[in-house]
Every structure is written in C-alpha cells, then in structure tokens.
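Below: the structure, in structure tokens.
Bear in mind these aren't lab numbers, they're just calculated from the coordinates by the rules spelled out. No experiment lies behind these values; they were computed from the predicted model shown. Cβ placement follows ideal geometry from the backbone for every residue including glycine, while neighbour counts extend to all protein chains displayed.
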Amino acid sequence: MRHRATLTALLLLASVAAASAVEPRERLADPALESRARALSKELRCLVCQNESIDDSNADLAHDLRVLLRERIAGGDSDAQALQYLVSRYGEFVLLQPPVAPATYALWFGPPAVLALGAVGALLYLRRRRATAVEPEPLTEAERRRLARLLKDEA
Amino acid sequence: MCFGALAVGRRNHMRRLLYLLPVALFVVLIAYFAAALRPGRDPSTLPSALIDKPAPDFDLAGLAGMPGLSRAALDGHPAIVNFFASWCVPCRAEHPLLMRLAEQEHVPLFGIAYKDKPEDAAGFLVRLGDPYHRVGLDQSGRVGIDFGVYGVPETYLIDSAGHIRYRHVGPLDRDSIERELLPRLKEIGG
C-alpha cells in the first residue's frame, strides 16, 4: 500500500517535470514529426518572455509559433529550413543557442581564451618564483645559541 | 653592459605597462556597463531582422465594407505601417499621436489590426478616430510573424522600393516620433 503511494507520487512528479505549454490540439498526428517539432521548439526563444523557449511559454505568440513550426514540419521542411524560416523573421536572437559564426566567436571562445590566458599567467608566475626561490641560509653558531636560549626561556 | 642595462630598463617598462592592464580592462568594462545602463534603453527591445530587406508579401481583408490592405499598396512611395489592436492598452496611448502624424505628414499611414476581431478593431477606430489610410485585418497573426512582430504596437517605415528601413517596438511617444521616426522618414523621402 505504502509502495503504491510512493509510486503514485513519483509518477505525478514525473508528469510535472514533463509538462510544457504544448496544448493537445497543437500536436501533430505523426509521432515522429511531433517529436521533431518538440525538439525544435525547445531551441526557439519566445520573443515575449525572452528567457523561455516556445515549448515552455504560455504566451500567445509562442502558441502561434508552435503551430507555425508544426505546419512547416508537416509541410516537408527539414529542421534547418524550419529554423531558418523563423531566423529570417526574428533574427538569430530567436535561437536559444547562438550559432558559431564570426560574429559570435567572442561569445563562444572568449571564456576559454580568458581561462587559457590566466593559466599561462599562473604558470609563468609559478615558474619564475621557483627559479628565484633561494634556500634560507643556515643559522650561524651565535644565532643557534640565541635560539636555544630563547626556547629554554619559553619553557 | 650598456646593452644589458637597456634590456632591463625595457623589461621594467613592460612590467609597468602590465600592471596598468587591469586598470585598462576596468575602464573598458565601465564603458560597456555605462552604455548598457544608459537611461531610456530597454534591453528587451530587439533589432528587426528585416531592416533594409523587402517588406513581406501580404494580402489582408479590410474592415466591414472597406477595402483591404495588400503589399502592393506600399509600392512606389514611402509608407508607415502600424500594427495595432483594440485589446492593446499601449496602442490607445499612442493613438492620439498617430492621429496627429496622419494630419501633419503626407506619407500614408497604414494600419494592420493584429489578432483582433473585425468588429472590435472597427469599434476602436470609430471611438478614437481613424488615422489610417487603409486598414488590413491580420486575424491569424501570420502577417505579424512575417514582419517579425513580437508585441503590438509596432511601427515600420517602408521606403519607396518596398524595403523596411526602421522599426519601432512599443508605443510611439513624442520623443521617439521627433527624434527617430520623422528624421528617418525624411531620409527616405517622406
């Protein structure tokens, strides 16, 4: 009985996690096409609530774009063609993942470049420190005696 | 000896420059942040992907008993196209300015009623006045998508060759009309 309750709770949780804004009447009859459309709509930004995909968003425009996307897919568009259709209208901003192109090189390669620069800097610094590090000179006889006296005083 | 001193001098100089590098980076960052935070800038406003590209083709029905609006109506002269809707509150705010714009400028102002019921759009224009040369009904919102509309009101300037030259997202106000819309209208010969 208890197991059953746990299972039910887990199933409920799973269904919550899988929830999206896609309404049943938007879905395509062909499961293969529908899953392609779902995958694409997760990559497309909702222009109204700009950090949500059109798959997640309840905005009116997101609904229109989901329907439009499914029409393009059902009409024989490839994934790239369907994305390009929206990019040509809304710009590359509509893609949640920016494409790798000269204009976005700074975005894609900037952080690794900064990391590499920091690594080179750290390496040079450590190397120089090791090269210039000198062994401390041994204590002289007088110093050693003074140290012994001081330690004895402490005790 | 002399060479060595020179080399050491240059190295010290280089090192001092290296110490200035973080300061220089900081100044660059501050300039970047200042530009991004300047008053009046709305970070959610997007540039249109269609600037300097041909306006999309469309053929829309008109309000009851009125001629519709098609792409052909924009050809051969500069034009202003305004997406509006009766359900859109900011459209109400910009409406008096559109009325004045239609009176003062010779450029035809076209309206596209975005996702609006024909009777609601007609009622809106009867109550508040009709600044538009012609109105097209985009009930499905598809023409809006072709233009890259993501929120009404939006206003587009189209030159005589049919290219989109400017887009304003959100309600026009006196400032944006005088500083942006009208100068650009003049540029395209309006």
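State the answer as a single residue: which of A:Tyr90, A:Ala116, B:Ala49 lies farthest towards the positive end of the charge dipole of the protein assembly as shown, with beta carbon charges of +1 for Lys and Arg and -1 for Asp and Glu, about the Cα centre. Comparing the listed Cα positions along the dipole, A:Ala116 ranks first.
Considering just Cα atoms, how many Å³ per residue does the convex hull of region A:103-154 enclose?
Enclosed volume per residue, from the Cα hull, is 98 Å³.
Computed from the Cβ-Cβ distance with R0 of 30 Å, the FRET efficiency linking B:Ala36 to A:Glu52 stands at 0.85. Taken one residue at a time, the phi angles of region A:131-141 give Karplus couplings (6.51, -1.76, 1.60, θ = phi - 60°) of 5, 8, 5, 10, 5, x, 5, x, 5, 7, 4 Hz. Gly and Pro are set to x. Bridging of A:Lys152 to aspartates and glutamates at a Cα separation below 16 Å is possible for A:Glu143, once same-chain residues fewer than 8 apart are set aside.
Evaluated at q = 0.15, 0.16, 0.19 Å⁻¹, the base-10 log of the normalised Debye intensity for chain A, with identical point scatterers placed on the Cα atoms, takes the values -0.93, -0.97, -1.12. Just to be sure I understand: of the beta bridges DSSP finds with both ends in chain B, what percent are antiparallel, rounded to 5? Once the DSSP bridges in chain B are tallied, antiparallel ones form about 55 percent. Based on Cα contacts under 8 Å between residues 6+ apart, chain A shows a relative contact order of 15 percent. Scanning residues 5 or more positions from B:Gly141 or on other chains, those with amide H under 5 Å from its amide H are B:Lys115, with H placed 1.01 Å from N in the peptide plane. Computed with the Debye formula from one identical point scatterer per Cα of the protein assembly as shown, without solvent, the log10 of I(q)/I(0) at q = 0.08, 0.09, 0.11, 0.16 Å⁻¹ comes to -0.61, -0.70, -0.90, -1.40. Across region A:37-80, Cα-Cα distances exceeding 12 Å account for 53% of all pairs.
The aspartates and glutamates whose alpha-carbon is closer than 13 Å to the alpha-carbon of B:Lys53, local same-chain residues fewer than 8 away aside, are B:Asp146, B:Asp159. Hydrodynamic estimate: the Kirkwood radius of region B:59-187 over Cα pairs, inserted into Stokes-Einstein at 25 °C and 0.890 mPa s, corresponds to D of 170 µm²/s.
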